[in-house]
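Reading through the structure tokens given below for one structure.
Here, each number is a calculation from the coordinates, and none is a lab measurement. Since the model is a prediction, treat every value here as computed from it, not as a measurement. We place every Cβ from the backbone using ideal geometry, glycine too, and count neighbours over all the protein chains shown.
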Amino acid sequence: GTMHPGLPDVRAELRRIKAGGLRGVKVHPDFQHFELDSDEAVAMFRALAEEGMPALVHTGDTRYTYSQPARMARALKAVPDVKAICAHLGGWSVWNEAWKQLADLPNVWVDTSSSLYALKPDEAVAIIRRYHGDRVFFGTDYPMWDPVEERARFDALPLTATERENITHKNFEKFLKGLD
């Protein structure tokens, strides 16, 4: 499902999404034009937490301020019970700022989408390890990127076999079990 904090009845929309069998929502503040730490967005994250639903959130972009990692961090500190997957290793195009803002928050997970094409393999691994490895998911950002090419980029990273297995599926399996 998708959400926007400006909906007239956020909770009703979350219940509708949940009734449809969906387990979480995606928001893209840069496209949807809202600031992640606005009062309305914080209220939306609070409603998500109360419904037990995670949010996949586009974070980071040098072109806009809506989704900056510092805004995400403020929102997540205000709503520590919400689970957020901060896409693009926590901050597309601002990766090194992102981990400084987000890596130590217990309610943050990240994915590798739209990141591996731009980062050197050692740099990507260093960022992945900042998130302790157990809060990282493999992602492709399809249709932006070809999944086969993204997997090849991922496979080229100097990760351990355990890290690779965790990121490709075990971390997400554990995340999903935590939603039950």
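Angle check, please: helix 10-19 long axis (alpha carbons) against the longest principal axis of the chain (alpha carbons), in degrees 0 to 90, nearest 10. That works out to roughly 60 degrees. 3J(HN,Hα) along region 57-62, derived from phi through the Karplus expression 6.51 cos²θ - 1.76 cosθ + 1.60 where θ = phi - 60°, amounts to 10, 5, 10, x, 4, 5 Hz, with x in place of Gly and Pro.
Against the chain, whose longest principal axis comes from its Cα atoms, helix 39-51 is set at around 80 degrees. Ranked by the mean number of other Cβ atoms within 10 Å per residue, highest first, peptides 32-41, 107-116, 146-155 order as 107-116, 32-41, 146-155. Computed from phi, the 3J(HN,Hα) profile of region 86-95 under the Karplus parametrisation 6.51, -1.76, 1.60 (θ = phi - 60°) reads 8, 4, 6, 6, x, x, 3, 6, 10, 4 Hz, with x in place of Gly and Pro. With θ taken as phi - 60° and the Karplus curve 6.51 cos²θ - 1.76 cosθ + 1.60 applied, the whole-hertz 3J(HN,Hα) list for region 158-167 is x, 9, 6, 4, 5, 4, 4, 5, 4, 5 Hz, x standing for glycine and proline. Radius of gyration (Cα atoms) of the chain, expressed as a multiple of 2.2 N^0.38 Å: 0.98. Given their separation in residues at 0.36 nm each and the Cα-Cα distance between them, ASP39 and ASP104 gain 21.1 nm when the chain is fully extended. One Cα centroid belongs to region 99-177, the other to region 1-45; the line between them spans 25 Å. Under 5 Å between amide hydrogens, built in the peptide plane, is the criterion, and for PHE137 it picks out VAL110, ASP111, THR112 among residues at least 5 positions away or on other chains.
Can you give the angle from 0 to 90° between the axis of helix 121-130 and the longest principal axis of the chain, with both taken from C-alpha atoms, to the nearest 10? The helix 121-130 is inclined about 50 degrees to the chain.
Taking a ≥ b ≥ c as the square roots of the eigenvalues of the Cα gyration tensor, region 82-180 is rounded, since a/c falls below 1.5.
When you count the other C-beta atoms within 10 angstrom of each residue and take the mean per peptide, 130-140, 53-63 line up highest first as 53-63, 130-140.
If R0 is 30 Å, what FRET efficiency do you get for ARG129 and LYS177 from their C-beta distance, rounded to 0.05? After rounding, the FRET efficiency stands at 0.80. Residues whose amide H falls under 5 Å from that of LYS26, counting only those 5 or more places apart or on a different chain, are THR2, MET3, LEU56, with hydrogens built in the peptide plane. About its Cα centre, the dipole of the chain is roughly 320 debye, where the only charges are +1 on Lys and Arg Cβ and -1 on Asp and Glu Cβ.
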